[in-house]
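Let me begin by handing over the structure; questions about it come next.
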Amino acid sequence: MENRFKIILTLGLIFISMITINAQKQKMENTALLIIDVQNDYFPGGKMILENAEQAGENTKRILEYFRKNNLPVIHIKHISTNEGATFFLPDTAGAKINQLVLPEEDEKVITKHFPNSFRETDLLNYLQSNKVKNLVITGMMTDVCVEATTRAAFDFGFNNTIIGDATATRNRELNGEVVKAAEVQRSFLAGISALGNLYAHVINTKEFLSK
């Protein structure tokens, strides 16, 4: 009798687990991960170091591992600077390489861009549409430049966006001779892009996303 109870309990747990996994897959259907410009120049030793780049990179890695585990599409965006006077992400330099925390696997799409907006003069839109992607989970750098430009463009193209706030990073800015701290820039831009009822994007953190 005891053994029969254990068998029934085990089968019940397996059944519940299968339902949970299936529900999670349905919830993430038509969803892709967009990793924007997580490249060496933004990390210590690079030419354009960001505040908390390593932490943001680690969190991006955790999100990436989730997508890989669940066989969900991943797109890596890599910026190569071609504009005159550029000082980082220069062609054929170590700083322009994607950081080892999130190195692409063979079956993951890599798109090279030359502008902050990842859709501009790239095949990103065509790739997402051809793969029936409707929802984007967005991570990367810099929060107030390429992440914001790409997110707003994605909204205009009809995508539902989620930004993993602590998987993004920026740096101090200057306005009218005054320094605006990176933390303030980060907070303000994430607040702005999620304003009006998460119009452009819903902003959550890594822990919240992974606990869904």
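The values are calculated or read from the model by the stated rules, or taken from the named source; none is laboratory data. Because the structure is predicted, anything quoted here is derived from the model rather than measured. Counting neighbours? That spans all protein chains shown, and the Cβs are built from the backbone with ideal geometry, glycine included. What goes into the accessible areas is simple: the full protein's heavy atoms, side chains included, and nothing from ligands, DNA or RNA. Shrake-Rupley method; radii C 1.70, N 1.55, O 1.52, S 1.80 Å.
Within region 95-105, count every residue that is in a helix (DSSP H, G or I) and open to solvent by 70 Å² or more (accessible area, probe 1.4 Å).
Going through region 95-105 one residue at a time, the tally reaches 1.
Results for (1) at pLDDT 95 or above; (2) touching a strand residue (DSSP E or B) at 6+ places or on another chain (Cβ under 9 Å); (3) small (Gly, Ala, Ser), shown as yes or no for each residue.
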| position | (1), (2), (3) |
| --- | --- |
| Asn3 | no, no, no |
| Ile7 | no, no, no |
| Ser17 | no, no, yes |
| Asn40 | yes, yes, no |
| Met48 | yes, no, no |
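May I pose another question? Listed residues Glu184, Glu108; which is without any contact (Cβ under 8 Å) to a residue 60 or more places away in the chain, at negative phi, surrounded by 13 or more Cβ atoms within 10 Å (Cβ to Cβ) and out of contact with any strand residue (DSSP E or B) (no Cβ under 8 Å at 6 or more places or on another chain)?
Being without any contact (Cβ under 8 Å) to a residue 60 or more places away in the chain, at negative phi, surrounded by 13 or more Cβ atoms within 10 Å (Cβ to Cβ) and out of contact with any strand residue (DSSP E or B) (no Cβ under 8 Å at 6 or more places or on another chain) holds for just one of Glu184, Glu108, which is Glu184.
Return the residues of region 187-212 that are among the polar types (S, T, N, Q), in a loop (DSSP other than H, G, I, E, B) and either open to solvent by 70 Å² or more (accessible area, probe 1.4 Å) or without any contact (Cβ under 8 Å) to a residue 24 or more places away in the chain (or both); say none if nothing qualifies.
The one that is among the polar types (S, T, N, Q), in a loop (DSSP other than H, G, I, E, B) and either open to solvent by 70 Å² or more (accessible area, probe 1.4 Å) or without any contact (Cβ under 8 Å) to a residue 24 or more places away in the chain (or both): Ser211.
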